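The values are calculated or read from the model by the stated rules, or taken from the named source; none is laboratory data. Computed from a predicted model, the values in this text were never measured in an experiment. Note that we place each Cβ from the backbone using ideal geometry, even for glycine, and neighbour counts take in every protein chain shown. Quick note on the areas: whole protein, heavy atoms, side chains included, nothing else; ligands and nucleic acids left out. Shrake-Rupley method; radii C 1.70, N 1.55, O 1.52, S 1.80 Å.
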Amino acid sequence: KFSKTTNMKRAIALLLLLLSLQTFAQCWQSISAGEYHSLAVKDDGTLWAWGKNTLYQLGDGTDVIKNIPTQIGTANNWVKVHAGYSSSYGIKADGTLWAWGSNGSGKLGTGNTNWVIPNPTQIGIATNWLSVSDGWYHTIAVKTDGTLWAWGDNEYGQLGDNTTVDKLTPTQIGTATNWQTLATGIYHSLAIKTDGTLWFWGSRFNIYGTSTQNNIPTQIGTDTNWLKLAGGQHHCAAIKTNGTLWTWGENSTGQLGDGTTVYRTTPIQVGTANDWLDVSAGTRYTIATKNNLSF
């Protein structure tokens, strides 16, 4: 039988634990989940990582798995992170882009083909990077001026420069200056322009039911109300400005959410709800939130 003192001590300990967890939870400002690892930025601008680390994707200079968030370096000006396929990317407050982890086919953009980059390494000298997304061996990014850039493996035209030649450093794709939102699959790329149009390039296999490919960004349909994007391994998901949810591509595990396992070669609306808020795609699954914050 516990005494009142013991119970009081336990209650105080529990309260302190809850308060500490709440404080800890409130300090994150940006987070990204990759294939087997996660990255996050705290409110103080510090970078943290945890998970699998066999390809140095955590950025601490080792290949040791971390089971809890571990600070990476001492810099305190990180603002965005992207955890991808065993590769990691971060953008600092000064607009510089950094990358580390797996560098197969030069996907990190450092200008070499070293298999791994163990620590965050600046990519070029540009100071106007806005966002970045990576596929299996390629990477695409947008600058604050709305230009589109890509690098890494280009076997399937996933870089969008109308070639199949790999690029070891960021290469501008076309001359458009209205690119806004990005997503990638293993061998394909997706983007939305500021005019709400949706674009696709790279391998069409398992996305459009054919083995052909698009070597340049190609518009999907004619709609001008696309808002958000997510790229899975071989499937895609998107939300329109009217709050509707759309998916297409591989559906072997029901990742399109239409109640079937049938491949879809064009975007199909998922249900009739028009209050979808955000969407994310994993290897063979999709998750989304509604405006009411429920799944």
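Taking the condition open to solvent by less than 10 Å² (accessible area, probe 1.4 Å), part of a strand (DSSP E or B) and more than 23 Å from Asn53 (Cβ to Cβ), does Trp151 pass? Reasoning before the result, please.
Working: open to solvent by less than 10 Å² (accessible area, probe 1.4 Å): yes; part of a strand (DSSP E or B): yes; more than 23 Å from Asn53 (Cβ to Cβ): yes.
Spelling it out, Trp151 is indeed open to solvent by less than 10 Å² (accessible area, probe 1.4 Å), part of a strand (DSSP E or B) and more than 23 Å from Asn53 (Cβ to Cβ).
Does Gly157 count as crowded, with 20+ Cβ neighbours inside 10 Å and modelled with pLDDT of 95 or more?
yes
Please return the ranges of strands (runs of 3 or more DSSP E) entirely within region 15-65 where 2 or more residues are modelled with pLDDT under 95.
Details: elements: 28-33, 37-42, 47-51.
Qualifying strands (runs of 3 or more DSSP E): 28-33.
Looking at Thr253, Thr247, Thr266, can you tell me which residue is polar (S, T, N, Q), part of a strand (DSSP E or B), open to solvent by 70 Å² or more (accessible area, probe 1.4 Å) and in contact (Cβ under 8 Å) with a residue 12 or more places away in the chain?
Selected residue: Thr266, the only one of Thr253, Thr247, Thr266 that is polar (S, T, N, Q), part of a strand (DSSP E or B), open to solvent by 70 Å² or more (accessible area, probe 1.4 Å) and in contact (Cβ under 8 Å) with a residue 12 or more places away in the chain.
Filter region 121-133 for residues that are in contact (Cβ under 8 Å) with a residue 40 or more places away in the chain and under 18 Å from Leu168 (Cβ atoms); which is least open to solvent (accessible area, probe 1.4 Å)? Let's see the steps before the verdict.
Taking region 121-133 first, the residues in contact (Cβ under 8 Å) with a residue 40 or more places away in the chain are 123-124, 126, 131-133.
With under 18 Å from Leu168 (Cβ atoms) added as a condition, the list becomes 123-124, 126, 132.
Numbers: Ile123: 2, Gly124: 51, Ala126: 25, Val132: 22 Å².
For region 121-133, the residue satisfying everything is Ile123.
Being assigned to a loop (DSSP other than H, G, I, E, B), open to solvent by 20 Å² or more (accessible area, probe 1.4 Å) and either more than 24 Å from Leu39 (Cα to Cα) or touching a residue at least 12 places away in the same chain (Cβ under 8 Å) (or both) is the requirement here; does Thr164 meet it? Explain how you work it out, then say what you get.
Working: assigned to a loop (DSSP other than H, G, I, E, B): yes; open to solvent by 20 Å² or more (accessible area, probe 1.4 Å): yes; either more than 24 Å from Leu39 (Cα to Cα) or touching a residue at least 12 places away in the same chain (Cβ under 8 Å) (or both): yes.
So Thr164 passes the test.
Which one is farthest from Leu182 (Cα to Cα), of the residues in region 134-148 that are part of a strand (DSSP E or B) and open to solvent by less than 10 Å² (accessible area, probe 1.4 Å)?
So the residue we want is His138.
Just to check your reading of the model, which residue among Asn225, Asn291, Asn274 is open to solvent by 70 Å² or more (accessible area, probe 1.4 Å), modelled with pLDDT of 95 or more, farther than 24 Å from Tyr156 by Cβ and not acidic (Asp, Glu)? If you could, list the steps in order and put the result at the bottom.
Values: Asn225 fails: open to solvent by 70 Å² or more (accessible area, probe 1.4 Å); Asn291 fails: modelled with pLDDT of 95 or more.
Residue meeting the stated conditions: Asn274.
Which members of region 167-183 meet the condition of being assigned to a strand (DSSP E or B), farther than 20 Å from Asn112 by Cβ and either open to solvent by less than 30 Å² (accessible area, probe 1.4 Å) or of a type in the set (D, E, K, R) (or both)?
Trp179, Leu182, Ala183
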